Amino acid sequence: CPDCLYFSSGNGVWKSTNSGQDFSFLNNPAQGSAGFSVSDVDNTIMIRGYVLIERSTDDGVSFSEITASTFANSNATDTSSNFMRFKTNTDYVHVDLHPAQCVNGTFYIGTDGWFCKSENNGEDWTILNQNVETGTSIRENYKLGVSQSNHYRTITGCQDNGTAIKREEHWVDVFGGDGGEGLFHPLNYDWAIGSAPKASRNRTENGGYSKALHFK
């Protein structure tokens, strides 16, 4: 469809078949439209969204959500711990979609936390910027707390990437959302509190592998 042109906004998705001279309304999905892309090998497939990603496989007639809001709600097969930074092939790609583009049938997206790609039209996503062997791991830290009894233990609150605890062997993602102030108990380095700016506090009593308490 060389003369097709698509447009997506908070008011819906539109399509032109004559290079933009006229547009017809397709649908107005529930999510916003911070990112939008049409497949360059099959123009009946498109993704869009903001907090979550939606996909259409029928040229915009209908859309359905294809990503999860948290890792715990995703379809990841490895849920042995909270150490989720290097998980791949899942429907959790971090919330808040921004850029989206399809290149030779592969969708690439950028979110508030990750840069991902999907080679099967959004069924599975691979995290590109946090690969355990070859990638980089970049976060903007708001606050950093250190343990007074274990110099391997650090807690950081990150912009749109939650709260993470650095253990001797690896990082552990503890709480989601925006990360704020974090601190350790001075005598027990497995006890820590993380927070979100102007919001709730969360406590862990096992070094970040589970959340013990949620309080205001």
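The values are calculated or read from the model by the stated rules, or taken from the named source; none is laboratory data. Treat the numbers as computed from the prediction; the structure is a model and nothing was measured. Because the Cβ atoms are built from the backbone with ideal geometry, glycine has one as well, and the counts that use them run over all protein chains shown. For the accessible areas, the whole protein counts, side chains as well, though only heavy atoms, and no ligand, DNA or RNA atoms are used. Shrake-Rupley method; radii C 1.70, N 1.55, O 1.52, S 1.80 Å.
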Whichever residue in region 158-199 is among the polar types (S, T, N, Q) and modelled with pLDDT of 80 or more and, among such residues, is surrounded by the most Cβ atoms within 10 Å (Cβ to Cβ): Thr163
Which numbered condition trips up Thr106, out of (1) touching an Asp or Glu at 6+ places or on another chain (Cβ under 8 Å); (2) crowded, with 21+ Cβ neighbours inside 10 Å; (3) modelled with pLDDT of 80 or more? (2)
Out of region 32-57, which residues are under 15 Å from the mean Cα position of the chain (by Cα) and without any contact (Cβ under 8 Å) to a residue 60 or more places away in the chain? Arg48, Gly49, Tyr50, Val51, Leu52, Glu54
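Condition first: in a strand (DSSP E or B) and touching a Phe, Trp or Tyr at 6+ places or on another chain (Cβ under 7 Å). Now tell me which residues in region 102-129 satisfy that. Full working, then the answer.
Here is the first cut: in region 102-129, the ones in a strand (DSSP E or B) are 102-103, 106-111, 115-118, 125-127.
Residues satisfying the conditions are Cys116, Lys117, Ser118, Ile127.
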Tell me yes or no: at least one residue of region 142-157 is surrounded by fewer than 21 Cβ atoms within 10 Å (Cβ to Cβ), within 23 Å of Val93 (Cβ to Cβ) and modelled with pLDDT under 85. no
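Would you point out the residue of region 1-12, among those that are within 23 Å of Ser64 (Cβ to Cβ) and open to solvent by 80 Å² or more (accessible area, probe 1.4 Å), that is farthest from the chain's Cα centre (by Cα)?
Keep residues of region 1-12 that are within 23 Å of Ser64 (Cβ to Cβ), which gives 1, 4, 6-12.
Filter again for open to solvent by 80 Å² or more (accessible area, probe 1.4 Å), leaving 1, 7, 11.
Numbers: Cys1: 32, Phe7: 24, Asn11: 24 Å.
That would be Cys1.
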Please give the number of the condition His94 fails out of (1) touching an Asp or Glu at 6+ places or on another chain (Cβ under 7 Å); (2) at pLDDT 95 or above; (3) buried (at least 20 other Cβ atoms within 10 Å of the Cβ). (2)
